[in-house]
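The structure appears below as structure tokens.
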Number of protein chains: 2
Amino acid sequence: MNEFEFIDSITQGYYRQSSVIKGIGDDAAVLRHPYHDLVTAVDTMVDGIHFSKETVPAFYIGYRTLAANISDIAAMGAVPTSYMISLVVPKDYSDNELQAIYQGMDQLSRKYHMDLIGGDTVTGDQLVVSVTIHGLVEKDKARLRSHARDGDIVFVTGTLGDSRFGLGLLLDEYKDQSYRDRLDKIDRDYFINRHQQPTPRVDFAEALKSLRRVALNDVSDGIASEAHEIAKSSQMTLFIDDDQVPVHQDMYSLPDELIHDYKYSGGEDFELLGTVSEQDFPFVVEAARRHHLPLRQIGYVKDSEQTNGQVYLKKQGTLKRLKKTGYTHKN
Amino acid sequence: MNEFEFIDSITQGYYRQSSVIKGIGDDAAVLRHPYHDLVTAVDTMVDGIHFSKETVPAFYIGYRTLAANISDIAAMGAVPTSYMISLVVPKDYSDNELQAIYQGMDQLSRKYHMDLIGGDTVTGDQLVVSVTIHGLVEKDKARLRSHARDGDIVFVTGTLGDSRFGLGLLLDEYKDQSYRDRLDKIDRDYFINRHQQPTPRVDFAEALKSLRRVALNDVSDGIASEAHEIAKSSQMTLFIDDDQVPVHQDMYSLPDELIHDYKYSGGEDFELLGTVSEQDFPFVVEAARRHHLPLRQIGYVKDSEQTNGQVYLKKQGTLKRLKKTGYTHKN
């Protein structure tokens, strides 16, 4: 299949979104949305760094890359509408594998009525999958990291570290006899699925749209990093209570250090970390409940000049500064 | 320099475009343009395929990739406004080289008052530079490939094959004694500059905005391919007269077969191939003159059911079908 045939094979017969005036088939796509703000981001994944053929089949490489992008849109409180794909494909990559990547994206995009409106496929040494995504949000309703305020509640959806644990299982990282037996009883498929086929929290984020203010950030690098981004952008101090940070019960089969590492810097769970006023928190809880999504208060926000931009972790009775990496400072 | 420091170093202090509500620094950028259509495309260049360190210094890798993207925007009749960069960077790539890529893009983006509003830098084996570009155009004024009509004039800006000849000079491809002497007299810098630092035809395309209808396509793969795209999208037949296809005078130092090859499939000149009614052609000629841009009629459009979607080339008294590749059919 040459490039032209391939483009034909992935060109949609019609576009689901009325904002798409022209999709694939010209020098550029044309979008029209007079009543909304456009939200757009690009996210790139590289074979051997963000995934490998051994741990993620081609279908899920596509699925997962698009999920990561949709998660960015959800973290802006927006609804995803369309996307463009840029692929660097090694010569020895088969047509079937290439199509499987597209199929993985296609399956997820259908769920959200998204359109594939452009892209580019070129040859290279290493598989690179880059997605540009578009979403729409009501004017001035984008959920920025800078929206945290003094007294806000810090919350997070889902459980953390699942994706990292799934990757560890796929890579057979837990060979030490000391906890090998305990891993026999865990729900392996759950964790592997969380790694290969994560669910962006679009519906939940959309359910918050009537709120005047909420800060949101999606968990791509791990909550230590995401919490810092909110603290820095909002110029506030975030306090997190380790006891409240949610993990799946099977995670306790792992040593404490690994649990800590996975919770704070495992990343790629694509849950949402947010802050909202105490008054609006019950509304957020109810929105999560309606979408069958666990949600937990894990801390609070304080405006404290000396420490703004920083994150503190209360763990085993002591309060320490949390680094972006997930480790704590010694002091 | 780590990723956070690097993002800080390339984040603009202010945004030039009023359409940019939020630039770098959140999960996604936010754009607002209630009165225009948004035009967007992605273009990816790979080291060893689209450029190499030997022929294109880092600054021009950036310049050229952004120029290729701006050219897509020009070919839609739109004005470029912002862009996002996705970079895959090998471990042995220096900070200086990385910054030079950004500086190359920055220099060109300033010329057009564009904003850098997002991006992603990841590690990999091979340098990959991918740009997502945005532009604005009046509603319903995007210049589509499907706009060619029966009786239209086919025109092209600039001269063709220059970029490919520049690459050949950089790669020292012309070692054969038979024409080596003749190459002593050519303007090497002109061709090398056309390869490393091409000029997208934004101003000219914008000067056509009062025209009701014009089809435009930018010359990225070569006019044989671009002419086919117009013929196919418009379901028309394009006729091109070889004598009229413009090349730089120094190109005649090359053998006839190379001239043919460079003209029709050299590509990356980022000139504009277009069609417009005979009545509006003088307006197009005048717009080009005002922008000191050579422009030439090279053929015409015919609605002829049997051959629509095809391109014919009149050369040395005979009319042959031109393939997408630039070669002619035997019949």
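A short reminder: the numbers here are calculations on the coordinates, not readings from a lab. The structure presented is a predicted model; accordingly, all values stated were derived computationally and were not measured. Cβ sites come from the backbone with ideal geometry, for glycine too, and all protein chains shown count toward neighbours.
Over the whole of A:49-57, what's the average partner chain Cβ count within 10 Å per residue? Rounded to a whole number, please.
Per residue, the number of nearby Cβ atoms from other chains is 1 on average.
Could you work out the relative contact order of chain A, using alpha carbon pairs under 8 angstrom and six or more residues apart, expressed as a whole percent?
Computed over chain A, the figure is 22 percent.
Sequence gap at least 6, Cα distance under 8 Å: using those rules, report the relative contact order of segment B:3-138 to the nearest whole percent.
39 percent
Run the simple label-point estimate for B:S18 and A:R212 please: 7 Å along Cα→C-beta, distance reported in nm.
Using points 7 Å along Cα→Cβ, the separation is 2.7 nm.
Once you've got the GNM for chain B with C-alpha springs shorter than 10 Å, pick whichever of B:H134, B:H228, B:H50 has the biggest mean-square fluctuation.
Looking only at B:H134, B:H228, B:H50, the largest GNM fluctuation is found for B:H50.
Taking the square root of 5 times each eigenvalue of the Cα gyration tensor, what semi-axes in Å does the equivalent ellipsoid of chain B have, largest first?
34, 27, 16
Using only the alpha carbons of the protein assembly as shown, determine the length spanned along each of the three principal axes and report them from longest to shortest in whole angstroms.
Extents along the principal axes, in whole Å: 89, 51, 47.
Can you tell me which of B:72-82, B:146-156, A:246-256 comes out highest on packing, and rank the rest after it, using the mean Cβ neighbours within 10 Å?
My ranking of the peptides, most packed first, is B:72-82, B:146-156, A:246-256.
In whole Å, what is the distance between the alpha-carbon centres of segment A:152-179 and segment B:278-331?
Segment A:152-179 and segment B:278-331 have Cα centres separated by 61 Å.
Given segment A:87-146, report the % of alpha carbon pairs whose separation exceeds 14 Å.
Cα-Cα pairs in segment A:87-146 separated by more than 14 Å: 66 percent.
Test of understanding: ordering A:K330, A:K302, A:K22 by Cβ neighbours within 10 Å, fewest first, what list do you get?
Fewest-to-most Cβ neighbours within 10 Å comes out as A:K330, A:K302, A:K22.
How about B:K320: which lysines have a C-alpha closer than 29 Å to its C-alpha, ignoring those fewer than 8 places off in the same chain?
The qualifying lysines are B:K232, B:K263, B:K302, B:K330.
Where is the GNM fluctuation largest for chain B (alpha-carbon springs, 10 angstrom cutoff): B:G119, B:G135, B:G161?
Maximum fluctuation in the GNM of chain B, among the listed residues, is at B:G119.
Would you mind computing the Rg to Rh ratio of segment A:3-138 from its alpha-carbon coordinates, Kirkwood style for Rh?
Ratio of gyration radius to Kirkwood radius for segment A:3-138: 0.96.
Say each of A:H292 and B:T325 gets a label point 7 Å from the Cα, pointing the same way as Cα to Cβ; how far apart are those two points in nm?
Going by the 7 Å Cα→Cβ label model, 5.5 nm.
If you take each beta carbon of peptide B:114-125 and count the beta carbons of other chains within 10 angstrom, what is the mean?
Rounded to a whole number, the mean comes out at 4.
With a cut-off of at most 15 other beta carbons within 10 Å, and DSSP calling the residue loop, which chymotrypsin sites (Phe, Trp or Tyr not before Pro) in segment B:1-79 qualify? Please list them.
Of the chymotrypsin sites (Phe, Trp or Tyr not before Pro), the ones in loops of segment B:1-79 whose Cβ has at most 15 other Cβ atoms within 10 Å are B:Y14, B:Y35.
Explain nothing, just compute: Karplus ³J(HN,Hα) = 6.51 cos²θ - 1.76 cosθ + 1.60, θ = phi - 60°, for every residue of segment B:190-201 in order, whole Hz, x for Gly and Pro.
4, 6, 5, 5, 5, 7, 8, 9, x, 10, x, 8
Counting DSSP beta bridges in the protein assembly as shown, what percent are antiparallel, to the nearest 5?
Here the antiparallel bridges make up roughly 75 percent for the protein assembly as shown.
Would you work out the relative contact order for segment B:119-216, in percent, from Cα pairs under 8 angstrom that are 6 or more residues apart?
Relative contact order here is 44 percent.
Average partner chain C-beta neighbours within 10 Å, per residue of A:30-36?
6
To one decimal in nm, how far is B:S210 from the same spot in the other copies, if labels go 7 Å from Cα toward Cβ? Please give the shortest first.
List, nearest first: 5.2 nm.
Going 7 Å from Cα along the Cα-Cβ axis for the label, what nanometre distances separate A:T318 from the same residue across the other copies?
The projected label point of A:T318 is separated from its counterparts by 8.8 nm.
Under a Cβ-Cβ cut-off of 10 Å, what is the net charge of the residues other than B:A205 that fall near it, where Lys and Arg count +1 and Asp and Glu count -1?
Charge balance in the 10 Å sphere: 0.
How compact is segment A:220-331 by the rule of thumb for globular proteins, expressed as Cα Rg over 2.2 N^0.38 Å?
1.07
Quick one: label points 7 angstrom along Cα→Cβ at B:D92, distances to the other copies in nm, smallest first?
Here the equivalent label points are 2.1 nm apart from this one.
How many angstrom lie between the C-alpha centres of segment A:255-277 and segment A:47-68?
Their Cα centres are 21 Å away from one another.
Taking the convex hull of the alpha carbon atoms in segment A:145-322, what volume per residue do you get, in Å³?
That works out to 108 Å³ per residue.
Which FRET efficiency value, to the nearest 0.05, is calculated for B:D150 and A:D8 with the Förster distance at 25 angstrom and r the Cβ-Cβ distance?
0.45
Run through every distinct alpha carbon pair of segment A:88-187 and return the Kirkwood hydrodynamic radius in angstroms, one decimal place.
18.9 Å
Going by C-beta contacts inside 10 Å, put A:R145, A:R212 in order with the fewest on the left.
Listing A:R145, A:R212 from fewest to most nearby Cβ atoms yields A:R212, A:R145.
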